[in-house]
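**Student:** To start, I am sharing the structure in question, which I have written as C-alpha cells.
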Amino acid sequence: MSRWTNALEKTKAVLRILRQINRDKATGMLEFELKELENIFLLLILGGFVGLPSPPSPVAVELLPYLEGELAILLSRSDFSADPLGSLMGMLEMD
C-alpha cells in the first residue's frame, strides 16, 4: 500500500511541475503578445513619423493618454542615442 501512495505522490508532484511550466510558458507568451500589440498601437498612432498614414488628428489626440509610457520610453531612447557615452557615465555617476 505504501508503494502505491508513494507513486501517487510522485505522480502528483510531476503533474504539479508540468502545470507550473505550462502556466509560465503561457504567461510569457501573453507578455510577448502584449508588447507586440503595444508596439503596433504606437506605430498606428505615431506612424506619420516613419511615413505610414496617420489616423485622423482628433482620434490620435484622444488616444495620446494611453501612450504615456511609450512616449517616455521613446524620449529616453532618443536622449540616449544623442549622447550614449554621456548617459553611461551619468549612470555610473562619474564626473
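**Student:** Could you compute the net charge surrounding Leu44? Neighbours are other residues with a C-beta less than 14 Å from the C-beta of Leu44; K and R count +1, D and E count -1.
**Tutor:** -4
**Student:** Could you work out how far apart the two model spin labels at Glu62 and Glu9 are, taking each label as a point 7 Å from the Cα in the direction of the beta carbon, and quote it in nm?
**Tutor:** 6.1
**Student:** By Kyte-Doolittle mean hydropathy of at least 0.0 and Cα axial length of at least 15 Å, which whole DSSP H helices of the chain are selected?
**Tutor:** Membrane-span-like by this criterion, though nothing is claimed about a membrane: 68-82.
**Student:** Please state the charge dipole magnitude for the chain, taken about the Cα centre, from unit charges on C-beta atoms (+1 on K and R, -1 on D and E), reported in debye and rounded to the nearest 20.
**Tutor:** About 1160 debye.
Read the figures in this text as sums done on the coordinates, not as results from a lab. Here the structure is a predicted model, which is why all the values come from computation and not from measurement. Glycine gets a Cβ as well: all are built from the backbone with ideal geometry, and neighbour counts include every protein chain shown.
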